[in-house]
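The values are calculated or read from the model by the stated rules, or taken from the named source; none is laboratory data. Just so you know, these numbers come straight off a predicted model, no measurement behind them. For neighbour counting, all protein chains shown are included, and Cβ atoms are generated from backbone atoms with ideal geometry for every residue, glycine included.
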Amino acid sequence: MRALASGGTDDPYPLYAELHRLGEAVPVTAPELPYAAAVFGYRAVDRILRDPAFEVHDAYRLEPMTPGWRDHAVLVTLMNSMMFSNGDRHGRMRGLFRKVFTPRRVQAMEPDIIRITGELLDRVAELGADGNEVDYMAEFAYLLPARVVGRLLGLPDEDIAWFRSQVDLINDWLDFRRKGFDVLEAADEAAIRITDYYLDLIAQRRASPQQDLISDLVQAGGHEVTDLELVGNLLVLFNASFSTTIHLFGNALPLLLQRPAVRRTPESMPAYVEEVLRFDTPAHVFIRVASADTELLGVPLREGELVAVLTGAANRDPRRFAAPDRFDPARVDNQPISFGAGAHYCLGAALARAEAQIALPMVLERFPHLALGSAAVRTDQLILRGYKSLPITVTDRVLVTAGGTADASE
Ligand code: HEM
């Protein structure tokens, strides 16, 4: 576990393989790590995520650990969301979101996903027309999920870049190795700005509803959730949607480029997407708190102690997946645990899958000569594993004549 916290972000998979040799869970004794145990076996991860005795961090748990938490806007906002609530409160907020964020709504987003993908690919084609490298992460992998969730919520396109800058400040603080005061202060300021923005938008949508999720939430919600709970959940939804899906797109691309067969069979893309989710999932670590003195696969835990739940490791568990380190889209019964399980199962799993299944074939079709460019840069987080930048070229040759005419084919 110490190795994972310090240097395992580049390639955690050899460490996961070592962990699997130890069983399904281990006690964590490294004093610099806040966890009492780590669980990484597929079945054990599935079980702990479904077990109400293991809760997510919530206001009740935060109180004794951080008595001044109410002075921090970022903590107050997050604690107002379903992601940081348990039991009835969680059920109440999640129930409202499920009422309006339905499979039908995801299906209705498909034309938007196709349109936004097309627009972004036009831009990538333009940027890369003369053989220039284009950063796939900045120009596509981030923009697509951010614009899709923006569209879902009803945020104007021109506000998306601002939103991401604010959400990044909050994500920096959520990374367990960056808990400095300056990082917390920056996250607090971002949370205040986002809260003001959403309160304003909620008031506008209440006065004049549009065809978007915020309008539907306001109408369906009545008094079920307070405006500040709405803000907390919208923040978490926006954050959880693009900061993970960006890495699904990023992690998928190199894997797909190594497998040209997928270009010939675009109908197999859903199986490839599931295998990308298993093989190199965007989100690797989740935290649970023991709600009472208990025992986890032989590891004794006291009430309040933390467990690191390693979904990225569970996806490589040799007890669940034959030859887990082989990328094999033809796997039978391939059910990665990348979207979690139980009460907090990812609310946006269907949207993330739809985005990847629609957009990745469009990328490959549009650019038959797409290739990776100069060195990619990885994120230095493990919680969200992916690329910071992933340079690509989209033309097969660069023909810039002496007269300056570019003639490069996509
Ligand atoms: C590949 C992309 C994604 C991955 C890997 C992912 C992964 C996850 C996981 C593992 C959880 C459970 C966390 C836990 O148990 O503590 C979760 C929760 C959540 N996700 Fe996603 N997610 C993705 C995309 C999305 C999208 C597109 C949305 C929204 C549009 C979204 C919204 C949420 C929300 C709101 C929760 C909290 C649910 C709750 O606490 O009840 N996610 N996600």
All but one of (1) touching a strand residue (DSSP E or B) at 6+ places or on another chain (Cβ under 9 Å); (2) part of a helix (DSSP H, G or I); (3) surrounded by fewer than 19 Cβ atoms within 10 Å (Cβ to Cβ) hold for LEU33; state the number of the condition that does not hold. (2)
Of the criteria (1) under 23 Å from GLY348 (Cα atoms); (2) touching an Asp or Glu at 6+ places or on another chain (Cβ under 6 Å); (3) exposed (fewer than 14 other Cβ atoms within 10 Å of the Cβ), which one GLU267 fails: (2)
HIS57: passes all of (1) in a helix (DSSP H, G or I); (2) closer than 24 Å to ALA190 by Cα but (1)
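Quick grid of which residues meet (1) modelled with pLDDT under 95; (2) within 28 Å of GLN107 (Cα to Cα); (3) part of a loop (DSSP other than H, G, I, E, B); (4) more than 14 Å from the ligand (Cβ to nearest atom):
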| residue | (1), (2), (3), (4) |
| --- | --- |
| SER338 | no, yes, yes, no |
| ALA350 | no, yes, no, no |
| ARG353 | no, yes, no, no |
| GLN357 | no, yes, no, no |
| LEU360 | no, yes, no, no |
| LYS388 | yes, no, no, yes |
| THR395 | yes, no, yes, yes |
| VAL398 | yes, no, yes, yes |
| GLY403 | yes, no, yes, yes |
The range 140-162: number of residues that are surrounded by fewer than 22 Cβ atoms within 10 Å (Cβ to Cβ) and either in a helix (DSSP H, G or I) or of a type in the set (Val, Ile, Thr) (or both): 9
Of all residues in the range 193-210, which are touching a residue at least 40 places away in the same chain (Cβ under 8 Å) and either polar (S, T, N, Q) or more than 29 Å from LYS99 (Cβ to Cβ) (or both)? THR195, GLN210
Subset of the range 104-143 [in contact with an Asp or Glu (Cβ under 7 Å, 6 or more places away or on another chain), in contact (Cβ under 8 Å) with a residue 60 or more places away in the chain and farther than 19 Å from ALA356 by Cα]: ALA125
With respect to ILE202, is the statement that it is at negative phi, among the β-branched types (Val, Ile, Thr) and within 22 Å of the chain's Cα centre (by Cα) true? no
Check on ARG316, in contact (Cβ under 8 Å) with a residue 12 or more places away in the chain, surrounded by 19 or more Cβ atoms within 10 Å (Cβ to Cβ), within 13 Å of the ligand (Cβ to nearest atom) and under 17 Å from HIS284 (Cα atoms): no
Of those in the range 82-94 that are more than 21 Å from the chain's Cα centre (by Cα) and in contact (Cβ under 8 Å) with a residue 60 or more places away in the chain, the residue farthest from the ligand (Cβ to nearest atom) is ARG92
Quick one: in the range 229-243, of everything that is of a type outside the set (A, V, I, L, M, F, W, C) and touching a Ser or Thr at 6+ places or on another chain (Cβ under 9 Å), which residue is farthest from the ligand (Cβ to nearest atom)? GLU229
Which numbered condition in (1) touching a residue at least 12 places away in the same chain (Cβ under 8 Å); (2) out of contact with any strand residue (DSSP E or B) (no Cβ under 9 Å at 6 or more places or on another chain); (3) of a type in the set (A, V, I, L, M, F, W, C) is the only one that ALA349 fails? (1)
Does ALA125 satisfy the condition of being surrounded by fewer than 21 Cβ atoms within 10 Å (Cβ to Cβ), away from the ligand (no atom under 12 Å from the Cβ) and part of a loop (DSSP other than H, G, I, E, B)? no
Which numbered condition CYS346 fails, given (1) in a helix (DSSP H, G or I); (2) within 9 Å of the ligand (Cβ to nearest atom); (3) surrounded by fewer than 19 Cβ atoms within 10 Å (Cβ to Cβ): (1)
When both residues are 6+ apart or on different chains and their Cβ atoms are under 7 Å apart, which pairs have a first residue that lies in the range 239-257 and is closer than 12 Å to LEU144 by Cβ, and a second that is of a type in the set (S, T, N, Q)? none
All positions within the range 136-145 that are within 15 Å of the chain's Cα centre (by Cα) and farther than 13 Å from HIS247 by Cβ: LEU143
HIS223 is checked against (1) in a loop (DSSP other than H, G, I, E, B); (2) over 28 Å from HIS72 (Cα atoms); (3) free of Cβ contacts under 8 Å to residues at least 24 places away in the same chain and fails just one. What number does that condition carry? (2)
Going through (1) surrounded by 17 or more Cβ atoms within 10 Å (Cβ to Cβ); (2) under 27 Å from GLY95 (Cα atoms) one by one, VAL273 fails only at (2)
Can you tell which of PRO282, PRO254, PRO300, PRO336 is more than 27 Å from ALA375 (Cβ to Cβ) and surrounded by 14 or more Cβ atoms within 10 Å (Cβ to Cβ)? PRO336
So for the range 291-306 (the condition being within 22 Å of the chain's Cα centre (by Cα) and either near the ligand (Cβ under 8 Å from one of its atoms) or in a helix (DSSP H, G or I) (or both)), does at least one residue qualify? no
With VAL56, VAL39, VAL45, VAL28 as the choices, which residue is modelled with pLDDT of 95 or more, surrounded by fewer than 21 Cβ atoms within 10 Å (Cβ to Cβ), within 18 Å of PHE286 (Cα to Cα) and among the hydrophobic types (A, V, I, L, M, F, W, C)? VAL56
